[in-house]
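First comes the structure, then the notes that go with it.
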Amino acid sequence: MTGSARGRTGVSRYGERVPLVAAAVCPHPPLLVPEVAGAAAGELDDLRAACDRAVARLLAAGAEQILLIGGGPETVRFGAADYGSLRAFGVDRYVRLWKTNCAGGERLPLSLTVGAWLIGRSGRDVPRFAEAVAVEAAPQECAALGAELARRAEARTALLVLGDGSACRGEKSPGYDDPRAEAYDAGVARALATTDVDALLGLDPGLSAELKVAGRAPWQVLAGAARAAGGDWRGELTYDAAPYGVAYLVASWERA
């Protein structure tokens, strides 16, 4: 499933065009990490492979740096030496964003911890940074943050956007069954496949919270960044399923 969108051309503060070159959207369940999943790791092999392919496409886009965007308790920028931990999920392991030095701290939320794990899994030593957006941030705040990130880029930048869909897909789901969940997830899937920034920015925060959606705010940051960067975008949705009653979507956005 593919699509394209158009916006105005992005420029750097020096007046030279420095576009966002690509974006990837992946979910961030801790079970994506095989050590966390244990004997059940094979149940998410297809999802793990889809995420690996999305990251590979991201790295192949000629980016000079990767910016990870995920939900967290507050909107905050992280340092390149910050890291997250999987200890809360039974694995005594730290996941570093990029650099290893004493300046970093255990600060990354789950979304960015899994994102850092995905990038690290690629084996590529590309400079990477991270920004959390408050999960309760209003759509206009998310759009403004995305536009700021696009304007702030001083090098060719690719975005890795982390976020899960609804957690209400069936009676055994974390949020129990909600008949609105499937339609909500289908709308997000269409928007990601067609790079429909208006549809992403139109996601309702209240409904998203009721459906226990973890990706609403990060997706809206992506939409704000793509709109501010401008140009033509082509999208492809490569994974769309709800194992364990949670919607997981994987997509790639590239310059058309």
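The values are calculated or read from the model by the stated rules, or taken from the named source; none is laboratory data. Given the structure is predicted, the values throughout are model-derived calculations rather than measurements. Cβ: placed from backbone, ideal geometry, glycine included. Neighbour counts: every protein chain shown. Heavy atoms of the whole protein, side chains included, go into the accessibility calculation; ligands, DNA and RNA do not. Shrake-Rupley method; radii C 1.70, N 1.55, O 1.52, S 1.80 Å.
Numbers below:
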| read-out | value |
| --- | --- |
| Which listed residue, of Ala193, Ala147, Ala181, Ala137, is out of contact with any Ser or Thr (no Cβ under 8 Å at 6 or more places or on another chain) and hydrophobic (A, V, I, L, M, F, W, C) | Ala147 |
| Selection status of Arg190, in a helix (DSSP H, G or I) and either modelled with pLDDT under 95 or not hydrophobic (A, V, I, L, M, F, W, C) (or both) | yes |
| Residues of segment 94-115 satisfying the condition of being of a type in the set (D, E, K, R) and either touching a residue at least 60 places away in the same chain (Cβ under 8 Å) or under 25 Å from Arg156 (Cβ atoms) (or both) | Arg96, Lys99 |
| Residue, nearest to Leu86 (Cα to Cα), within segment 116-152, restricted to residues that are more than 13 Å from the chain's Cα centre (by Cα), in contact (Cβ under 8 Å) with a residue 60 or more places away in the chain and in a loop (DSSP other than H, G, I, E, B) | Ser122 |
| Segment 169-202 - residue that is closer than 20 Å to Val133 by Cα and over 16 Å from the mean Cα position of the chain (by Cα) and, of those, least open to solvent (accessible area, probe 1.4 Å) | Ala199 |
| Residue within segment 137-145 that is buried (at least 17 other Cβ atoms within 10 Å of the Cβ) and farther than 18 Å from Asp198 by Cα present | no |
| Those residues of segment 12-36 which are farther than 25 Å from Val135 by Cα and either open to solvent by 80 Å² or more (accessible area, probe 1.4 Å) or at pLDDT 50 or above (or both), in sequence order | Arg13, Tyr14, Glu16, Arg17, Val18, Pro19, Val21, Pro34, Glu35 |
| Leading residue by the ranking (nearest to Val55 (Cα to Cα)) among those in segment 94-115 that are surrounded by fewer than 16 Cβ atoms within 10 Å (Cβ to Cβ) and of a type in the set (D, E, K, R) | Lys99 |
| Filtered residue count, segment 36-54, keeping only those that are touching a residue at least 40 places away in the same chain (Cβ under 8 Å), of a type outside the set (A, V, I, L, M, F, W, C) and in contact with a helix residue (DSSP H, G or I) (Cβ under 8 Å, 6 or more places away or on another chain) | 2 |
| Matching residues in segment 55-75 - criterion: being in contact with a helix residue (DSSP H, G or I) (Cβ under 9 Å, 6 or more places away or on another chain), open to solvent by less than 30 Å² (accessible area, probe 1.4 Å) and not in a helix (DSSP H, G or I) | Ile66, Leu67, Leu68, Ile69, Gly70, Gly71, Gly72 |
| Options Ala193, Ala223, Ala181: the member that is within 18 Å of Gly70 (Cα to Cα), touching a residue at least 60 places away in the same chain (Cβ under 8 Å) and of a type outside the set (S, T, N, Q) | Ala223 |
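Every residue, every condition in (1) part of a helix (DSSP H, G or I); (2) closer than 23 Å to Gly215 by Cα, yes or no:
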site: Arg53; (1), (2): yes, yes
site: Arg77; (1), (2): no, yes
site: Ala81; (1), (2): no, no
site: Gly84; (1), (2): no, yes
site: Val91; (1), (2): no, no
site: Thr100; (1), (2): no, no
site: Ala103; (1), (2): no, no
site: Val114; (1), (2): yes, yes
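So that you can scan it fast, the table gives a plain yes or no per residue for (1) touching a helix residue (DSSP H, G or I) at 6+ places or on another chain (Cβ under 6 Å); (2) farther than 25 Å from Glu74 by Cβ:
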{"residue": "Arg107", "(1), (2)": "no, no"}
{"residue": "Ala134", "(1), (2)": "no, no"}
{"residue": "Cys142", "(1), (2)": "yes, no"}
{"residue": "Ala158", "(1), (2)": "yes, no"}
{"residue": "Arg169", "(1), (2)": "yes, yes"}
{"residue": "Pro174", "(1), (2)": "no, no"}
{"residue": "Ala189", "(1), (2)": "no, yes"}
{"residue": "Thr195", "(1), (2)": "no, yes"}
